[in-house]
Amino acid sequence: MIQSMTGYGKSVLQLPAKKVTIEIKSLNSKNLDLNTRIPSYYKEKDIEIRKRLAKSLMRGKVDFSIYVEMTAEETQTAINKPVVAKYIEELKEITAGETVDFLKIAMQLPDALKTVREEFDADEWKIISEGIDEAIAEIVQYRKDEAFSLEADFIERIENIQAYLKEVEKLDEERLDHVKARLRKAIDELKVTIDENRFEQELIYYLEKLDINEEKVRLANHLEYFLKELANEKSDGKKLGFIVQEIGREINTTGSKSNYATMQQVVVQMKNELEKIKEQVLNIL
């Protein structure tokens, strides 16, 4: 079945010292446009994450994020004792005072605190990796659910175009009779004598130029092909897009050849339905 490229997946993990939130968002894009935001101590897993996302999501503008919130008493910052001690020593050389007062001043000076870099924990990453799988599964399901409404809309609009095609087929014979009558009237108004055989030959040649039988057959085939690919187990938005282009080509040619206002009005309705399909097919994986 088809999948939408619009989706959202999330998983929340509670580890002993931190809360980890994993989010994946995706929108439509011609190719895979992947952006990851992860803490520095997980950076070594960036390529692995990208490969997993690419395998499951394949196309779309994808934003992947890991947010970490510390929940234990642990802290990632510590007093830079040598630096603070040096500040206090220098302050005492400048003026007299209590050590506690000098400490307050020293703690506000540059580099008084240092960041303790968290190291990569393999056991912790195993849990986070499972959380990533959960988020990916959720966004894939979201994409499938989103595609249900798109599929129903596609089927309805293709069936509308098929109905309009039947109207075109009914109007075709009427159209040719109308063209013949119009040409005969134009000749009669000229009030000139013509060679009837030559007129018939020229008329046949002209009507052949207006013949749309091939366009009708090809259009019907393209519409059936679109529905067939729509029901395919593998979602292929690019292929559906190519079929839509072919449908549009046959509709446009039919309109340019019709030379009959009533038929052209039906063709306009077909184009209107097709434009709505074009807009939505851009969001198919």
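Can you tell me what percent of all Cα-Cα pairs in segment 242-281 are more than 11 Å apart?
Tail of the P(r) past 11 Å holds 60 percent of the pairs.
Between Glu124, Glu23, Glu138, the residue with the greatest mean-square fluctuation in the GNM of the chain (Cα pairs under 10 Å linked by springs) is Glu124.
In the chain, the DSSP-assigned H stretches of four residues or longer account for a calculated mean residue ellipticity at 222 nm of -22000 deg cm²/dmol, using -39500 (n - 2.57) per stretch and the full residue count as denominator. Counting Lys and Arg as +1 and Asp and Glu as -1 over every other residue whose Cβ lies under 12 Å from the Cβ of Val20, the net charge comes to -3. Based on Cα contacts under 8 Å between residues 6+ apart, segment 1-96 shows a relative contact order of 32 percent. Surface composition of segment 1-133: carbon and sulfur atoms hold 53% of the protein heavy-atom accessible area at a 1.4 Å probe.
Working from label points 7 Å from Cα in the Cα-to-Cβ sense, the Val217 to Ala112 distance is 8.8 nm. Phi angles of segment 129-142 translate, via the Karplus equation with coefficients 6.51, -1.76, 1.60 and θ = phi - 60°, into HN-Hα couplings of 4, 5, x, 5, 4, 5, 5, 5, 4, 5, 5, 5, 5, 4 Hz per residue; Gly and Pro are given as x.
Computed over Cα pairs, the Kirkwood radius of the chain leads via Stokes-Einstein (0.692 mPa s, 37 °C) to a diffusion coefficient of 130 µm² per second. Less than 5 angstrom separates the built amide H of Ser29 from those of Gly60, Lys61, all sequence-distant by 5 or more or on a different chain.
Here the Karplus relation 6.51 cos²θ - 1.76 cosθ + 1.60, evaluated at θ = phi - 60°, turns the backbone of segment 50-57 into coupling constants of 4, 5, 5, 5, 4, 5, 8, 9 Hz, with x for every Gly and Pro.
Measuring how big segment 4-133 is from its alpha-carbon positions, Rg and Dmax come out at 22.1, 72 Å. The listed peptides 154-160, 89-95, ordered by packing as a protection proxy, come out as 154-160, 89-95 (highest mean of other Cβ atoms within 10 Å first).
Taking each residue as 0.36 nm, the span from Ser129 to Ile155 lengthens on full extension beyond its C-alpha to C-alpha distance by 5.5 nm.
Solvent-accessible area of Phe120, all protein chains in place: 60 Å² (probe radius 1.4 Å, heavy atoms, ligands and nucleic acids excluded).
Rounded to the nearest whole Hz, the Karplus-based 3J(HN,Hα) values (6.51 cos²θ - 1.76 cosθ + 1.60, θ = phi - 60°) of segment 228-238 follow the sequence 5, 5, 5, 8, 5, 5, 9, 6, 9, x, 5, with x at glycine and proline. If R0 is 51 Å, the Cβ-Cβ spacing of Ala231 and Glu173 corresponds to a FRET efficiency of close to 0.90.
Close amide H partners of Asn80, meaning residues 5 or more places away or on another chain with modelled amide H under 5 Å apart, are Leu113, Lys114.
Residues considered: Val62, Val83, Val267. Largest GNM mean-square fluctuation over the chain, using C-alpha springs under 10 Å, is found at Val83. Largest GNM mean-square fluctuation across Gly131, Gly248, Gly97, computed for the chain with C-alpha springs under 10 Å, falls on Gly97.
The values are calculated or read from the model by the stated rules, or taken from the named source; none is laboratory data. Being a predicted model, the structure only gives us computed values, none of them experimental. Glycine also receives a Cβ, built like all others from the backbone with ideal geometry; neighbour counts cover every protein chain displayed. Note: accessible area is taken over every heavy atom of the protein model, side chains too, but ligands, DNA and RNA are not part of it. Shrake-Rupley method; radii C 1.70, N 1.55, O 1.52, S 1.80 Å.
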